[in-house]
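Remarks on the structure that follows.
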Amino acid sequence: MKYLLFKIGTLVGIVFTLTACYPGGAEYTSDTDLVVTDYNPDYDFGDIHYYYLSDSINHIVEEDDTPDRTLDPFVIGLLEDQLNALGWERSTDTIADPEPDVSIVVAAITVTNYNIYQIPWYGGWGWGWGWYYKGTDYWGYPGYGWGYPYYGYTYVTSYDVGTLAWFLFEPDKVDIEDELIFVEWAGVINGVLGSSTSSTEDRIERGIDQAFNQSSYLSGE
Amino acid sequence: MNDLKKQIIMKYILTILVALLISAAGYSQGLYSINYTTSYGVGKTGDYIKSPSFRGMTFEGRGFISDHVSIGGLFTWSTFYEKLGGATFNYENATFTGTQYRYINAFPLLVQAHYYLGVDKYETRLYLGGGLGPYIINQRTNVGVWSVEEKNWHFGFSPEVGVLLPISMDTRINVSFRYHYVFKAKDTIDHSWFGLSVGLAWGE
């Protein structure tokens, strides 16, 4: 019996070694990039000829914090290029003549997320699992009241997630009384922030390109 | 049923299965096996993850009630995984584009019965059989920093064909091929996949 248990323990160890290598996930910050667009299907984007786009981005930061505006001109420039490519004309004044048909507001926010890990951890299991085989005195597995439970340890990581969002709406349709803005099209780029400015610029450019590519309805067709 | 109750029930089931394995190990008319298992999703499971699974294991315990028939239990853990780079999908009027990481962890906990051809346990023996019982299936999609997860108990069944190849008086190589069909639960899909297991079996 002891010999058989030893064989079981050995083979379980081998099998766990073979299978416990949990499949991968995101390796680079760019792997976390997500582009989301949403629109009002009843809105006729073909009627847009002039748009208002501010030179600045609304940074949502903690009170007393100073927003980092390093990338503002870069982002605004990319959006302007894409909007102009639709045949629309930019106005930098909300009371310009002709009056802009739509306004586009751009916002940016950085949020710190925290992960808590429990070791050992095998994906898909609701609790830690550690087989024990020690001589002939005892054996068991955790949470079952046999042997010596193995609780592992815990560690915490954090990462910054950046979000860039823009919203297109008609100023004439804003419900001032109820403070409602009816957004006709929205684009969002979301991902884990890296430390390299050039890499961030590449990711923003790819994200904005993708947002317009997956919004073919903007051309009014 | 809340998660705590599910975990308690799962622990009981696992305890029974492990006890079954151990008792089969010590029982003169029993057979237990540990197998490396690969899986191949078909149907909606195959649509969700096309890549085969090379991460899996199966534990089995069988007790013979006659020369040709055994009953027992099975526990399998299979992990399916696929990365979809830059995938686009739509939900209502919204369009999402990002690299998706798709996972399925499947845990069948089956009661089984098998019929064996031949009576000489020291010769190669083919067997036919199958099992039925609960499956725990955890299906998760990670995209960006977001995750969508479905973790449910299902009911399913699994026909099987296999062969035992003796390599010593009490040890055999076990090769089995089985099909799993798992009924949908709540808003999930119904799952199905083929599994190929190769391992060692001990007992009489």
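The values are calculated or read from the model by the stated rules, or taken from the named source; none is laboratory data. Bear in mind the structure is a predicted one, so any value in this text is a computation, not a measurement. Cβ coordinates were reconstructed from backbone atoms using ideal geometry, including for glycine residues, and neighbour counts include every protein chain displayed.
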| Residues within region A:169-221 that are touching a Gly at 6+ places or on another chain (Cβ under 7 Å) and closer than 24 Å to A:SER158 by Cα, tallied | 6
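Quick check on region A:77-91. Is at least one of its residues at pLDDT below 90 and more than 13 Å from chain B (Cβ to nearest Cβ)? Walk me through it before giving the result.
In the first step, residues of region A:77-91 are kept if they are at pLDDT below 90; the result is A:91.
Now drop any that are not more than 13 Å from chain B (Cβ to nearest Cβ), which leaves A:91.
Yes, region A:77-91 has at least one match.
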| Test result for B:ARG178, modelled with pLDDT under 95 and either assigned to a strand (DSSP E or B) or not acidic (Asp, Glu) (or both) | no
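Conditions (1) at positive phi; (2) at pLDDT below 90; (3) at the interface with another protein chain (Cβ under 10 Å from one of its Cβ atoms), marked per residue:
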| residue | (1), (2), (3) |
| --- | --- |
| A:THR10 | no, yes, yes |
| A:ILE14 | no, yes, yes |
| A:LEU18 | no, yes, yes |
| A:CYS21 | no, yes, yes |
| A:ASP31 | no, yes, yes |
| A:VAL35 | no, no, yes |
| A:ASN40 | no, no, yes |
| A:TYR52 | no, no, no |
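Being of a type in the set (Val, Ile, Thr), surrounded by 17 or more Cβ atoms within 10 Å (Cβ to Cβ) and at pLDDT 90 or above, is that true of even one residue in region B:60-83?
First pass over region B:60-83, keeping only residues of a type in the set (Val, Ile, Thr): B:65, B:69, B:71, B:76, B:79.
Remaining after also requiring surrounded by 17 or more Cβ atoms within 10 Å (Cβ to Cβ): B:76, B:79.
Next cut, at pLDDT 90 or above only: B:76, B:79.
Yes.
Okay, residues lined up against (1) at positive phi; (2) part of a strand (DSSP E or B):
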position	(1), (2)
B:THR99	no, yes
B:TYR103	no, yes
B:VAL111	no, yes
B:GLY118	yes, no
B:GLU123	no, no
| note | When B:THR79 is run through (1) touching a Lys or Arg at 6+ places or on another chain (Cβ under 7 Å); (2) closer than 24 Å to B:GLY118 by Cα; (3) within 14 Å of chain A (Cβ to nearest Cβ), the failure sits at (2)
| note | Within region B:51-86, residues within 25 Å of B:LEU31 (Cβ to Cβ), hydroxyl-bearing (Ser, Thr, Tyr) and touching a residue at least 24 places away in the same chain (Cβ under 8 Å) come out as B:THR58, B:SER70, B:THR76, B:SER78
| message | Whether any residue in region B:140-148 is assigned to a strand (DSSP E or B), more than 30 Å from A:LEU34 (Cα to Cα) and not polar (S, T, N, Q) is what I want to check. | response | no
| request: Quickly run through region B:113-153 and pick out the residues that are crowded, with 20+ Cβ neighbours inside 10 Å and more than 14 Å from chain A (Cβ to nearest Cβ). | output: B:HIS114, B:TYR116, B:TYR127, B:GLY129, B:GLY131
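Listed residues B:TYR36, B:TYR12, B:TYR91; which is modelled with pLDDT of 85 or more and facing chain A (nearest Cβ under 10 Å)?
B:TYR36
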| remark: All conditions in (1) at the interface with chain A (Cβ under 9 Å from one of its Cβ atoms); (2) in contact (Cβ under 8 Å) with a residue 40 or more places away in the chain; (3) in contact with a Gly (Cβ under 7 Å, 6 or more places away or on another chain); (4) not charged (D, E, K, R) are true of B:ALA106 except (3)
